Amino acid sequence: MPTQLEKLIAAQERAEQQKHEAERKAKLAKKQIAELQRKERNHRLIVRGAYLEKLLREPEILTDEDVFKILEYAFGTPYVREHLTDFLAKKLQEATMVPS
């Protein structure tokens, strides 16, 4: 018959095994979250980049620097900056609203 000390030691060992298993599961979940976030970002970049190419004329002859200049010009106009600021404020407000 195990003594009280042996029972406590066995319980401690089980608890440590459970702790290690929980840590392993947490690490795996963290890795899966990072992978999903990366996939979502990659998808977003591809979709938006494809749409930008659709809007550009002859995108294959433009350099990256050419495209950056076009975007800086387009987004640098006061009208677009104001519109973007208003649009983002509205989106942020919608995102923080709690549905009733």
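Just so you know, all these numbers are worked out from the coordinates, no wet-lab data involved. As the structure is a computational prediction, the values presented were derived from the model and not from experiment. Every residue, glycine as well, gets a Cβ built from its backbone with ideal geometry; the counts of neighbours run over all protein chains shown.
Rounded to the nearest 500, the helix-only mean residue ellipticity at 222 nm of the chain stands at -30000 deg cm²/dmol, with each DSSP H run of n ≥ 4 adding -39,500 (n - 2.57).
If you plug the beta carbon distance of residue 32 and residue 1 into 1/(1 + (r/R0)^6) with R0 = 41 Å, you get a FRET efficiency near 0.35. Between the listed residues 71, 97, 83, the Cα displaced farthest toward the positive end of the dipole of the stretch 59-100, a dipole computed from Cβ unit charges relative to the Cα centre, is found at 97.
With the crude spin-label approximation of a point 7 Å out along Cα→Cβ, what separation in nm comes out for residue 95 versus residue 19? The answer from the label model is 3.8 nm.
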